């Protein structure tokens with residue numbers, strides 16, 4: 001189990017939640033970990049019929065905080081959302097509205113923020129997850145507020161966490 005942050009599209013609250021993480025050692029490239037987020041993306045009743053598939057959400061990877069002098073993050077943050085949230089009928093995310101006070105991008109549908117971790121001392125952004133905490137919350141909120149601003153980059157090649 002890994003701790004994540006859930007932003008509900010239906011409630012103006014943000015919750016720390018536990019998500020199931022499974023280690024897969026069958027890949028020839030080495031072990032990796034997957035998380036099961038389907039329950040957070042399963043409410044598809046209000047979506048257009050062609051968008052009602054349930055998955056784990058599309059990842060947005062963040063390794064610098066562009067609102068805080070491009071501060072390098074200690075770990076990459078993986079923010080999951082519905083890939084088609086702007087056109088599929090998703091409602092405005094009330095949890096995001098609550099923490100951003102309506103500033104920034106109009107995020108829709110449910111969102112889950114995860115924290116990635118290093119694998120045996122080598123940074124591998126798609127291998128394993130760690131528990132996200134309050135120390136990461138500010139970076140997640142800053143990303144949600146600053147996304148799409150001209151000239152702001154949230155993923156910088158070569159800025160992988162140490």
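The values are calculated or read from the model by the stated rules, or taken from the named source; none is laboratory data. These numbers come from a predicted model, not from an experiment. Counting neighbours? That spans all protein chains shown, and the Cβs are built from the backbone with ideal geometry, glycine included.
With the structure loaded, tell me whether residue 55 is in contact with a strand residue (DSSP E or B) (Cβ under 9 Å, 6 or more places away or on another chain), at pLDDT below 80 and either surrounded by 12 or more Cβ atoms within 10 Å (Cβ to Cβ) or within 25 Å of residue 117 (Cα to Cα) (or both) or whether it fails that test.
Values: in contact with a strand residue (DSSP E or B) (Cβ under 9 Å, 6 or more places away or on another chain): no; at pLDDT below 80: yes; either surrounded by 12 or more Cβ atoms within 10 Å (Cβ to Cβ) or within 25 Å of residue 117 (Cα to Cα) (or both): yes.
The answer is no for residue 55.
Residue 38 versus (1) in contact with a strand residue (DSSP E or B) (Cβ under 8 Å, 6 or more places away or on another chain); (2) within 19 Å of residue 128 (Cα to Cα): which is the lone unmet condition?
(1) is the only condition that residue 38 fails.
Return yes or no: is residue 86 within 17 Å of the chain's Cα centre (by Cα), in a strand (DSSP E or B) and either modelled with pLDDT of 85 or more or at negative phi (or both)?
no
I'm trying to understand the selection: among the residues of the stretch 125-162, which are modelled with pLDDT of 90 or more, assigned to a loop (DSSP other than H, G, I, E, B) and under 14 Å from residue 62 (Cβ atoms)?
132
Residues in the stretch 93-124 that are modelled with pLDDT of 90 or more, over 15 Å from the mean Cα position of the chain (by Cα) and either outside any helix (DSSP H, G or I) or farther than 22 Å from residue 69 by Cα (or both): how many?
4
Out of the stretch 1-18, which residues are touching a residue at least 24 places away in the same chain (Cβ under 8 Å) and more than 27 Å from residue 101 (Cα to Cα)?
If the condition is that a residue be touching a residue at least 24 places away in the same chain (Cβ under 8 Å) and more than 27 Å from residue 101 (Cα to Cα), then 2 is the only one that fits.
Go through (1) modelled with pLDDT of 85 or more; (2) assigned to a loop (DSSP other than H, G, I, E, B); (3) farther than 22 Å from residue 14 by Cβ and name the single condition residue 72 misses.
(2)
Taking residue 60 and the conditions (1) touching a strand residue (DSSP E or B) at 6+ places or on another chain (Cβ under 6 Å); (2) surrounded by 12 or more Cβ atoms within 10 Å (Cβ to Cβ); (3) closer than 15 Å to residue 114 by Cα; (4) at pLDDT 85 or above, which numbered condition does it fall short on, given that it satisfies the others?
Unmet for residue 60, out of (1) touching a strand residue (DSSP E or B) at 6+ places or on another chain (Cβ under 6 Å); (2) surrounded by 12 or more Cβ atoms within 10 Å (Cβ to Cβ); (3) closer than 15 Å to residue 114 by Cα; (4) at pLDDT 85 or above: (4).
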